[in-house]
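First up is the structure itself, then whatever we jot down about it.
The values are calculated or read from the model by the stated rules, or taken from the named source; none is laboratory data. Everything numeric in this text was worked out from a predicted model, so none of it was measured. So basically every Cβ, Gly included, is an ideal-geometry build from the backbone, and we count neighbours across all protein chains shown. Quick note on the areas: whole protein, heavy atoms, side chains included, nothing else; ligands and nucleic acids left out. Shrake-Rupley method; radii C 1.70, N 1.55, O 1.52, S 1.80 Å.
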Amino acid sequence: METAKKVIFSGVQPSGNITLGNYLGAIKNWVELQKDYYCNYAIMDLHSITVRQNPKELKKRTLDLLKLYIACGINPDENLLFVQSHVSAHAELAWILNCYTYMGELSRMTQFKDKSKKHSNNINAGLFTYPVLMAADILLYQTDLVPVGVDQLQHIEIARDIAIRFNSIYGDVFKIPEGFIPKTGAKVMSLQDPTKKMSKSDENPKAYISMMDDFDSIAKKIKSAVTDSEGIVAYKEGKDGINNLMGILSSITGESMESIQNRYVGRGYGEFKSEVAEAVVECIRPIRQKFDELSGNNDYLEKIYTESAEKARSVANRTLKKVYKKIGFVV
Ligand code: TYM
């Protein structure tokens, strides 16, 4: 990549309905960061199969996610938008890095522990080595910054550890990446159990807002969000439901928690929830409009992911070749 700009890598798995959490925690910031960085935003299909996927749905979700990236405002002419499995270097480097990652550090990953509980009949090796593939994603592009939600910070930490370990044996092969999380929206919580993160794989659709939900159900879901019985809109420990809704509002409008709190003195949750619902709907409305415009434009989408993958391959293969040489493979 012949650019003076610093490099970003990030991605979302096409493993379910993309939620407001994915948008506020990650994609929204990607849009803002594209001004100053050279960005690689991939669709992480290799990661998604650590949990069983329906093949037809996986294919549809992959293209839908590409549409969503563009609809959210990522410019495909300036950044690379590609499908992870189209760049085989991700899987190849992941294998190598597996040999520089310890079982002990992988067993400490909270996502592995959570997912093994949730999918106890399918605790596959991929689920265990998931963070190594993620390290490969990031390190292949000599990434400076990885914008993600809070839940991914532990994975970025292990990617850094692996890179530092590898560099300490072979010299400066990988750039050591930094994580980046937004001030608000870094952890959007479930609307039904605000002590848990909002997740696209939640069995209860009332717990999350999908970017594809119709506007009436978005409003209904917010209005029926679990809160508390205190009736005071304030950001405080123990008020997880209200804190979450305030965080969502603040992340969308940029208004501070303090200002929201001051505006709601003496007013109830009903009014507050209506404002949050409207803000969310108005935030999603233009995205959906663009998303719909892109639907049926498969040639355009194919051109984007094909050309991006080609460019991504050339950068990724450069790093991979360097790794092969350092290790002593005949190249
Ligand atoms: P995934 O697909 O679970 O989530 C995509 C992004 O959305 C963020 N996110 C949230 N942010 C705030 N509140 C929430 N409730 C919420 N839920 C999800 C995630 O933090 C993430 O930034 N392992 C990654 C995908 C990945 C990746 C990478 C990311 C694979 N390789 C390399 C960065 C760099 C994942 O499962 O994201």
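Just to verify a result, which residue in segment 186-210, among those that are hydroxyl-bearing (Ser, Thr, Tyr) and modelled with pLDDT of 95 or more, is farthest from Asn244 (Cα to Cα)? Walk me through how you get there before you give the answer.
We begin by selecting, within segment 186-210, every residue hydroxyl-bearing (Ser, Thr, Tyr); these are 190, 195, 199, 201, 208, 210.
Keeping just the survivors that are modelled with pLDDT of 95 or more gives 190, 195, 208, 210.
Details: Ser190: 8, Thr195: 9, Tyr208: 12, Ser210: 16 Å.
Ranking the candidates gives Ser210 first.
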> Any idea which residue in segment 162-174 is nearest to Leu81 (Cα to Cα), counting only those that are in a helix (DSSP H, G or I) and open to solvent by 60 Å² or more (accessible area, probe 1.4 Å)?
Replying inline: Ile164
> Do we have Phe112 as more than 25 Å from Asn40 (Cα to Cα) and either near the ligand (Cβ under 10 Å from one of its atoms) or assigned by TED's automatic domain parsing to the domain that holds Leu320 (or both) here?
Replying inline: yes
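Output the helices (runs of 4 or more DSSP H) that fall wholly within segment 175-276 and possess 3 or more residues being open to solvent by 30 Å² or more (accessible area, probe 1.4 Å) and over 24 Å from Ala71 (Cα atoms), or say none.
Details: elements: 215-223, 240-253, 257-263.
Here the list reads 257-263.
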>> List the helices (runs of 4 or more DSSP H) inside segment 43-132, counting only whole elements, that have at least 3 residues being surrounded by 15 or more Cβ atoms within 10 Å (Cβ to Cβ) and of a type in the set (D, E, K, R).
In response: 55-72
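Among the residues of segment 3-36, count how many are assigned to a loop (DSSP other than H, G, I, E, B) and within 9 Å of the ligand (Cβ to nearest atom).
So in segment 3-36, the residues assigned to a loop (DSSP other than H, G, I, E, B) come out as 3-5, 13-18, 34-36.
Next, only the ones that are within 9 Å of the ligand (Cβ to nearest atom) stay: 13-16, 18.
Residues meeting the conditions: 5.
If I go through segment 133-155 residue by residue, how many of them are part of a helix (DSSP H, G or I) and surrounded by fewer than 20 Cβ atoms within 10 Å (Cβ to Cβ)? Show your work before the answer.
Looking only at segment 133-155, we keep the residues that are part of a helix (DSSP H, G or I), and these are 133-140, 150-155.
Filter once more, so that each one left must be surrounded by fewer than 20 Cβ atoms within 10 Å (Cβ to Cβ): 150-151, 153-154.
Count: 4.
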> Restricting attention to segment 308-317, does a residue exist that is outside any loop (DSSP other than H, G, I, E, B), touching a strand residue (DSSP E or B) at 6+ places or on another chain (Cβ under 6 Å), open to solvent by less than 30 Å² (accessible area, probe 1.4 Å) and among the hydroxyl-bearing types (Ser, Thr, Tyr)?
Replying inline: yes
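The rows are residues; the columns are (1) acidic (Asp, Glu); (2) outside the structural domain of Lys239 (by TED's automatic domain parsing).
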position: Ile252; (1), (2): no, no
position: Glu275; (1), (2): yes, no
position: Pro286; (1), (2): no, no
position: Lys303; (1), (2): no, yes
position: Ser308; (1), (2): no, yes
position: Thr319; (1), (2): no, yes
> So how many residues does segment 290-305 have that are among the polar types (S, T, N, Q) and free of Cβ contacts under 8 Å to residues at least 40 places away in the same chain?
Replying inline: 1
> Take the residues of segment 154-207 that are among the hydroxyl-bearing types (Ser, Thr, Tyr) and within 11 Å of the ligand (Cβ to nearest atom): which is farthest from Asp228 (Cα to Cα)?
Replying inline: Ser201
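Can you pull out every residue in segment 44-64 that is without any contact (Cβ under 8 Å) to a residue 40 or more places away in the chain and farther than 18 Å from Leu127 by Cα?
Pro55, Lys56, Glu57, Lys59, Lys60
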>> Let me spell it out: the conditions are (1) more than 9 Å from the ligand (Cβ to nearest atom); (2) out of contact with any Lys or Arg (no Cβ under 6 Å at 6 or more places or on another chain); (3) open to solvent by 10 Å² or more (accessible area, probe 1.4 Å), and Cys39 meets all of them except one. Which number is the exception?
In response: (3)
